[in-house]
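The values are calculated or read from the model by the stated rules, or taken from the named source; none is laboratory data. Owing to the predicted nature of the structure, the values given are computational and were not obtained by experimental measurement. Here the Cβ positions follow ideal geometry from the backbone for every residue, glycine too, while neighbour counts run over all protein chains shown. For accessibility, only protein heavy atoms count, side chains too; no ligands or nucleic acids. Shrake-Rupley method; radii C 1.70, N 1.55, O 1.52, S 1.80 Å.
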Amino acid sequence: MPPPEPNHERVLIVDFGSQVTQLIARRVRESGVYCEITPFDKAEAYLDTFRPKAVILSGGPSSVTEADSPRIGTKVFEIGVPVLGVCYGEQLMCDLLGGRVEAGHHREFGRAEIVIARETPLFAGVGAVDHREPVWMSHGDRVVAIPDGFEVLATSAGAPFAAIGDEERKFYGVQFHPEVAHTAQGAAILKNFTHAIAGLGGDWTMAAFRDEAVQRIRAQVGDRRVICGLSGGVDSAVAAVLIHEAIRDQLTCVFVDTGLLRGGEAEEVVGLFRGHYNIPLVHVDASAEFLGALAGVSEPEAKRKAIGRVFIEVFDREAGKLGGADFLAQGTLYPDVVESVSARGGPSAVIKSHHNVGGLPERMKMKLVEPLRELFKDEVRALGRELGLPGAFVGRHPFPGPGLAIRIPGEVTPERVAVLQKADAIWLEEIRTAGLYDKIWQAFAVLLPVKTVGVMGDARTYEEVCAVRAVTSTDGMTADFFEFPWAVLGRAATRIVNEVRGVNRVVYDVTSKPPGTIEWE
């Protein structure tokens, strides 16, 4: 599906391999400006087709002093739009425009402070001259000379050119990362660039996206038929409702029940689509096929591929029963698209490894309709609310397509699935009872491939360990563990041990999700 119409304000983000490039896009989107990410080696061609009104050069792990470092030409500086370089992007800007960068000088990693050196629209509202502002640094090289026309806007202990600008040409560079939460006013700095410097008003809204997406779906599909694969999650549900609004009865939804969903979710999906929306729905209970394909399989990626293969087989069979269709709809999101194109390696063969490994098989003879491929997860939720989906459904925690299969390390059996469904249901019930569900990005249970000796009453037990996890996130790309009240954690653990036969110990996982990954699993 093509990007929004050219009359929309657009920002192009050129990716040089930073783990947090997607966070730049999130912050820009949050300010009401549409943006897209492109790998550095496709940037020049993209400038012509995308026609951005501003460009941001991302950070990256490389050094501009290395011969094989990712680079772009100077075209981006010749098209007459404002440019902001972030970390590696600032260093590359200096290197391309006549400045100088040296390796290994005063490395800065983690929290730091910049001191604002002069008044500039980039720091409007952030602080006056000599104001000290907390930021997040992550660089080993240092700019030692800036190009002609640039001035120092801020300094830090390890970077005399922590922020620079050529106000006349509207070229700016910052050595720190404004996109991460640790830079307290980073979102304001990015908004200053897009709104005050680039003059963008911010016309990216879910209402506008909804109207445009409906028109694009109609133009793509025409009078032909679409089958939408429902997974039980928010993404595919929102995609289905949006497509139904566009083409009505030309859409049929096929809900493939893998037997790997959370307890009660299959009934919830069927009730929503048949009752609330009256969308044509085929419910296929294929749990025996999926569990059969997973028998004896322990390696996580092998599980994903097995699930993907069976999903396609079941879907293909059901499409044939319906008389065929020209299009397959699915809830691909923008992070899936970005993750499929590496800044160094180009397109990947995998977008969603649990659904379309290497793309759809040729025998299916269908084209993809992916109306959400421009959106991040929280934007999908906003669109769901715009479309009238129930708040409780839209606000559900993310649940990956492979379902419980990847939350059961080791072999997946019907017995272990049943144990995990019960434990997971208790965990979520206690979270809801405590009023914590909406404060948590994602919570779930994992059945570990470990057994421990325990004592229950007067008897010894030798049963499995259940790990419970809850994380907080603002963007779905970085996360930290939720600091649970001990009383709530204790009640949940006690109930799981008492009520779930086969589990005699519960542990709380306090690991954090690193930047740059999409799906918390």
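To keep it simple, each residue is scored yes or no on (1) of a type in the set (Asp, Glu); (2) under 29 Å from the mean Cα position of the chain (by Cα); (3) closer than 30 Å to residue 323 by Cα.
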{"residue": "156", "(1), (2), (3)": "no, no, no"}
{"residue": "168", "(1), (2), (3)": "yes, no, no"}
{"residue": "196", "(1), (2), (3)": "no, yes, no"}
{"residue": "234", "(1), (2), (3)": "no, yes, yes"}
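Scan region 33-62 residue by residue and report those that are open to solvent by 10 Å² or more (accessible area, probe 1.4 Å) and small (Gly, Ala, Ser).
Listed by number, the residues that qualify are 45, 60, 62.
Being under 18 Å from residue 61 (Cα atoms) and over 29 Å from the mean Cα position of the chain (by Cα): is that true of residue 94 here? Show your work before the answer.
Working: under 18 Å from residue 61 (Cα atoms): yes; over 29 Å from the mean Cα position of the chain (by Cα): yes.
Criteria met by residue 94.
Of all the strands (runs of 3 or more DSSP E) wholly in region 30-102, which have at least 3 residues that are more than 21 Å from residue 10 (Cα to Cα)?
On the way: elements: 34-39, 54-57, 83-86, 100-102.
Strands (runs of 3 or more DSSP E) meeting the threshold: 100-102.
Counting just the residues of region 105-126 that are under 32 Å from the mean Cα position of the chain (by Cα) and either surrounded by fewer than 13 Cβ atoms within 10 Å (Cβ to Cβ) or part of a loop (DSSP other than H, G, I, E, B) (or both), which one comes out modelled with the lowest pLDDT? Steps first, answer last, please.
Keep residues of region 105-126 that are under 32 Å from the mean Cα position of the chain (by Cα), which gives 107-114, 121-126.
The next check asks that each one be either surrounded by fewer than 13 Cβ atoms within 10 Å (Cβ to Cβ) or part of a loop (DSSP other than H, G, I, E, B) (or both); those that pass are 107, 109-111, 124-126.
On the way: 107: 63, 109: 66, 110: 69, 111: 83, 124: 95, 125: 93, 126: 94.
Step by step, filter region 105-126, then rank; the result is 107.
Exactly one of (1) in contact with a Ser or Thr (Cβ under 9 Å, 6 or more places away or on another chain); (2) buried (at least 21 other Cβ atoms within 10 Å of the Cβ); (3) assigned to a helix (DSSP H, G or I) is unmet by residue 378. Its number?
Going through (1) in contact with a Ser or Thr (Cβ under 9 Å, 6 or more places away or on another chain); (2) buried (at least 21 other Cβ atoms within 10 Å of the Cβ); (3) assigned to a helix (DSSP H, G or I) one by one, residue 378 breaks only (2).
If residue 401 passes every condition in (1) open to solvent by 10 Å² or more (accessible area, probe 1.4 Å); (2) assigned to a helix (DSSP H, G or I); (3) closer than 13 Å to residue 260 by Cβ; (4) not aromatic (Phe, Trp, Tyr) but one, which one does it miss?
Single failed check for residue 401: (2).
Kindly check whether there is at least one residue in region 178-193 that is in contact (Cβ under 8 Å) with a residue 24 or more places away in the chain, crowded, with 22+ Cβ neighbours inside 10 Å and hydroxyl-bearing (Ser, Thr, Tyr).
Of the residues in region 178-193, the ones in contact (Cβ under 8 Å) with a residue 24 or more places away in the chain are 178-193.
Still in the list and also crowded, with 22+ Cβ neighbours inside 10 Å: 178-179, 183, 186, 189-193.
Okay, now just the ones that are also hydroxyl-bearing (Ser, Thr, Tyr), so 183.
Within region 178-193 (the criterion being in contact (Cβ under 8 Å) with a residue 24 or more places away in the chain, crowded, with 22+ Cβ neighbours inside 10 Å and hydroxyl-bearing (Ser, Thr, Tyr)), the answer is yes, since at least one residue qualifies.
For region 264-285, name all the residues that are free of Cβ contacts under 8 Å to residues at least 40 places away in the same chain and either open to solvent by 50 Å² or more (accessible area, probe 1.4 Å) or closer than 20 Å to residue 324 by Cα (or both).
Across region 264-285, the qualifying residues are 267, 274, 275, 278, 279, 280, 283, 284, 285.
Answer yes or no as to whether residue 229 is part of a helix (DSSP H, G or I) and over 30 Å from residue 82 (Cα atoms). Give the steps one after another, and end with the answer.
Numbers: part of a helix (DSSP H, G or I): no; over 30 Å from residue 82 (Cα atoms): yes.
So residue 229 fails the test.
Inside region 164-177, can you point out the residues that are modelled with pLDDT of 95 or more and closer than 21 Å to residue 15 by Cβ?
The answer is 171, 172, 173, 174.
Just the residues that are open to solvent by less than 40 Å² (accessible area, probe 1.4 Å), touching a Lys or Arg at 6+ places or on another chain (Cβ under 7 Å) and not acidic (Asp, Glu), please, taken from region 413-444.
Once the filter is applied, which keeps residues that are open to solvent by less than 40 Å² (accessible area, probe 1.4 Å), touching a Lys or Arg at 6+ places or on another chain (Cβ under 7 Å) and not acidic (Asp, Glu), region 413-444 yields 420, 426, 443, 444.
Exactly one of (1) open to solvent by 40 Å² or more (accessible area, probe 1.4 Å); (2) modelled with pLDDT of 90 or more; (3) closer than 27 Å to residue 31 by Cβ is unmet by residue 224. Its number?
Result: residue 224 passes all but (3).
Give the residue, chosen from 218, 210, that is charged (D, E, K, R), under 21 Å from residue 392 (Cα atoms) and open to solvent by 10 Å² or more (accessible area, probe 1.4 Å).
Details: 218 fails: under 21 Å from residue 392 (Cα atoms).
Answer to the check: 210.
List, please: which pairs have Cβ atoms under 9 Å, are six or more places apart or on different chains, and start with a residue in region 302-317 that is without any contact (Cβ under 8 Å) to a residue 60 or more places away in the chain and open to solvent by 50 Å² or more (accessible area, probe 1.4 Å) and end with one that is assigned to a helix (DSSP H, G or I) and not basic (Lys, Arg)?
309/293; 313/289
Take region 417-447 and flag every residue that is within 21 Å of residue 292 (Cα to Cα) and free of Cβ contacts under 8 Å to residues at least 40 places away in the same chain.
418
If I filter region 242-253 down to residues being surrounded by fewer than 23 Cβ atoms within 10 Å (Cβ to Cβ) and aliphatic (A, V, I, L, M), which single residue comes out as farthest from residue 379 (Cα to Cα)?
247
Give the residue, chosen from 230, 153, that is over 17 Å from residue 117 (Cα atoms), among the aliphatic types (A, V, I, L, M) and in contact (Cβ under 8 Å) with a residue 24 or more places away in the chain.
Numbers: 153 fails: over 17 Å from residue 117 (Cα atoms).
Criteria check complete, one pass: 230.
One line per residue, one yes/no per condition, for (1) over 30 Å from residue 447 (Cβ atoms); (2) charged (D, E, K, R):
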{"site": "202", "(1), (2)": "yes, no"}
{"site": "207", "(1), (2)": "yes, no"}
{"site": "210", "(1), (2)": "yes, yes"}
{"site": "215", "(1), (2)": "yes, no"}
{"site": "230", "(1), (2)": "no, no"}
{"site": "243", "(1), (2)": "yes, no"}
{"site": "263", "(1), (2)": "no, no"}
{"site": "268", "(1), (2)": "no, yes"}
{"site": "289", "(1), (2)": "no, yes"}
